[in-house]
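Below you'll find the structure, written out as structure tokens, and then a few comments.
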Amino acid sequence: MNSIDKMPPYQRAIAKGHLGSCGAAYNSLSKPIIAVVNSWNEIVPGHCHLRELADEVKQGIIEAGGYPLEFNTIAICDGIAQGHSGMKYVLPSRELIADSVEVMVRGHGIFDGMVLLGSCDKIVPAMLMAAARINLPAAIVTGGPMVNRIKPHQSKQARQRFLKGEIGEEQLFNATVEYYPTAGVCPFLGTANTMCIVTETLGMALPGSSAVHALSQRRKDIARETGRAVMQLVDKDIKPRDIMTKAAFDNTIAVLLAMGGSLNTVLHLPAIAHEAGFAVTYDDFDQISRKTPLISRIVPNSQEYTVADLEPVGGIPAIMKQLVPVLDTTALAVNGRTLAENLANAPEADGEIIKPFSQPFSAEGGIAVLRGNLAPEGAVVKSSAVADDMWEFSGSAKVFESEEDCMTAVDEGKISAGDVIIIRNEGPIGGPGMREMHRATEVIGRIGRVAIITDGRYSGASGGLAIGYLSPEAAEGGPISLVKDGDIIEINIAERRIHWHIEAEDLARRIAEYKPVVKPEEESSFLRLYGKSVMSSAKGAVRRKF
């Protein structure tokens, strides 16, 4: 008996009648009804082809004896939202998407399972959060990486030339379209591709699926296979919380560290785990990093290879096969098999894009958690994207209350090599919305040896000595709120240390004299509500309980 047939007789008849108005045949409504949760739109490159993939999913569900019903939710493109106030909305959209899926599924009460389609930065974690929260049998389909026509360094060079005034807008447009030539996930190992990989390593997407190219026939086949797979999950009553266990999260963290994945995973994995009923913390990342070698370097960790280069050498299964010494191979996937079974036929490391476990690029993983008197709850840096000669750095602070203030200082020539840039009041609460500081890292990168420290966050594409997600944030009265121009900040990645040089007497005086920065009231009621309800980045920027 499916969910709709469990309703009281009168309500069941009326519900079926409404679905009949939408074109459903009466006999179809006694089959398992599967929600096809799409996030298609014509704005986001990773999502503009999801309508076709949803059709494949639905066909797979029908072939396996189910009845699919599709609905849509929103998706924001981080790339388009960069550099203006729209970025404030991007992280808060994660909760909005997860909530919208819950409202549609639980509000109607007719669904027996779900297939969720998404590709990009906040949409994929939101889908995983919704799956864990609702806990109906579910699987994820991602859009796959686009295949770039020019190398990453050529795209970066075009951007730098534009910033220097050497080329115009149309020339940058043409270069950008060569790097981002089609529908699909942007080709670098940013948050979008990282989170697509997470769906596979958590077991919520079919093994080998996340690196398959966006517009390939294999990508369509995966969508159809996922439609069939969710029907098996319904039949066996295997639910997301049976798959997304703590062991699955530990496996996922190991893979991300082995690849130097996006720093935004320190926000999203704790939030997904929160919905599944347990905690993932900065400490988990740090502890696993110390035993997990870096065995793959995809841009921005190098300038040679993109995520599109992974599939020809075996994709994520080839990476996970090398990591077996640090993985729990009993973890389950949506195909009903264990990780050990799924890796049985995975290829060996090719030695160039994927290194053997015993011959890594570096002995530790690509993300480091730093602590000290400036970051009592931690701050995070993508160590795999930091040059070796920048792992130890000490400099004089230049403090800004927003990204805009920092960018103005750059334009006025007030930032010099050797500075430690502090950008504060950009956290989840203080933003509100925790904008990415990606444009700041791009522009400041021209200056040379500088560090950036923020209670905000970064793009998955950011590199260099960019330390973010610092907690507690300035809006919570964290130590970063007391730093002044000229203070000396010392960073040591190898020792996982970030130290603010200040005498106890001076610190006590600053605490006594401290007055919080008063920002103009946020015009958006949505963002005001978000700022009042969100918790710190160290807790995944999830909502507090009232």
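The values are calculated or read from the model by the stated rules, or taken from the named source; none is laboratory data. All values reported here derive from a predicted model rather than from experimental measurement. Here Cβ is always computed from backbone atoms with ideal geometry, including for glycine, and neighbour counts include all displayed protein chains. Note: areas computed on protein heavy atoms with side chains; ligands, DNA, RNA excluded. Shrake-Rupley method; radii C 1.70, N 1.55, O 1.52, S 1.80 Å.
List of remarks:
- Remark: residue 80 falls outside the filter, which requires a residue to be of a type outside the set (Gly, Ala, Ser) and either in a loop (DSSP other than H, G, I, E, B) or open to solvent by less than 50 Å² (accessible area, probe 1.4 Å) (or both).
- Subset of region 499-542 that is within 28 Å of the chain's Cα centre (by Cα) and loosely packed, with under 12 Cβ neighbours inside 10 Å - its residue that is farthest from residue 272 (Cα to Cα): 523
- Single residue of 417, 346 found to be within 30 Å of residue 231 (Cβ to Cβ) and in contact with a Lys or Arg (Cβ under 7 Å, 6 or more places away or on another chain): 346
- Every test in (1) without any contact (Cβ under 8 Å) to a residue 40 or more places away in the chain; (2) touching a strand residue (DSSP E or B) at 6+ places or on another chain (Cβ under 8 Å) is passed by residue 428 save one, and that test is (1).
- The residue that is most open to solvent (accessible area, probe 1.4 Å), among those in region 266-295 that are in a loop (DSSP other than H, G, I, E, B) and of a type in the set (A, V, I, L, M), is 279.
- Matching residues in region 218-265 - criterion: being crowded, with 23+ Cβ neighbours inside 10 Å, assigned to a loop (DSSP other than H, G, I, E, B) and aliphatic (A, V, I, L, M): 244, 263
- Taken across region 26-42, residues that are touching a helix residue (DSSP H, G or I) at 6+ places or on another chain (Cβ under 8 Å), more than 30 Å from residue 308 (Cα to Cα), open to solvent by 20 Å² or more (accessible area, probe 1.4 Å) and assigned to a helix (DSSP H, G or I) do occur, with at least one present.
- Residues in region 157-179 that are crowded, with 19+ Cβ neighbours inside 10 Å and not small (Gly, Ala, Ser): 179 only.
- Options 457, 446: the member that is among the basic types (Lys, Arg), out of contact with any Cys (no Cβ under 7 Å at 6 or more places or on another chain) and open to solvent by less than 10 Å² (accessible area, probe 1.4 Å): 457
- Screening region 299-323 for residues that are aliphatic (A, V, I, L, M) and more than 19 Å from residue 344 (Cα to Cα) and picking the one that is farthest from the chain's Cα centre (by Cα) gives 308.
- Filter result for the condition that a residue is at pLDDT 95 or above, charged (D, E, K, R) and outside any loop (DSSP other than H, G, I, E, B), over 161, 149, 106: 106
- Inter-residue pairs, beta-carbon under 9 Å, first within 13 Å of residue 342 (Cβ to Cβ) and open to solvent by 10 Å² or more (accessible area, probe 1.4 Å) and in region 190-215, second assigned to a helix (DSSP H, G or I) and of a type in the set (Asp, Glu), 6+ apart: 206/200; 206/225; 207/200; 208/200; 208/311
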